[in-house]
1. Could you list, in sequence order, the residues of region 1-36 that are basic (Lys, Arg) and either in a loop (DSSP other than H, G, I, E, B) or in contact with a Phe, Trp or Tyr (Cβ under 8 Å, 6 or more places away or on another chain) (or both)?
2. Quick one: in region 29-52, of everything that is more than 14 Å from residue 64 (Cα to Cα) and surrounded by 14 or more Cβ atoms within 10 Å (Cβ to Cβ), which residue is farthest from the chain's Cα centre (by Cα)?
3. Return the residue satisfying two criteria in turn: it lies in region 4-19 and is within 12 Å of the chain's Cα centre (by Cα) and surrounded by 13 or more Cβ atoms within 10 Å (Cβ to Cβ), and of such residues it is nearest to residue 34 (Cα to Cα).
4. Has region 46-58 got at least one residue that is touching a residue at least 24 places away in the same chain (Cβ under 8 Å), aromatic (Phe, Trp, Tyr) and touching a helix residue (DSSP H, G or I) at 6+ places or on another chain (Cβ under 8 Å)?
5. Just name the residue that is nearest to residue 5 (Cα to Cα) out of those in region 53-70 that are of a type in the set (Ser, Thr, Tyr) and surrounded by 14 or more Cβ atoms within 10 Å (Cβ to Cβ).
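The values are calculated or read from the model by the stated rules, or taken from the named source; none is laboratory data. All figures in this text were calculated on a predicted structure; none of them were measured in a lab. Neighbour counts are summed over all protein chains in view; Cβ atoms, including those assigned to glycine, are modelled from backbone coordinates with ideal geometry.
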Amino acid sequence: MSFQAYIENIQKKTGKSPDDFKKLAEEKGFLLNGELTVKATQITDWLKEEFELGHGHAMAIYASLKGKTV
């Protein structure tokens, strides 16, 4: 599955875009001035728990938070 497909599936499941997840991560203190302040595990654990994403989908959001774009 391509990165774009992961992002599209996440948007369908959660109704949230990568920008929405960026805002949520900033609110949680996971991002500060656009830089991640926590390890990948904290991000993926949060996404799995709160949004019921699988590991691959959670990693796609993590990658988008690190700056990867579709």
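1. The answer is 13, 16, 28.
2. Residue satisfying both the conditions and the ranking: 38.
3. 18
4. yes
5. The qualifying residue nearest to residue 5 (Cα to Cα) is 64.
Okay, residues lined up against (1) assigned to a helix (DSSP H, G or I); (2) at pLDDT below 95:
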{"site": "38", "(1), (2)": "no, no"}
{"site": "41", "(1), (2)": "yes, no"}
{"site": "44", "(1), (2)": "yes, no"}
{"site": "49", "(1), (2)": "yes, no"}
{"site": "60", "(1), (2)": "yes, no"}
{"site": "67", "(1), (2)": "no, yes"}
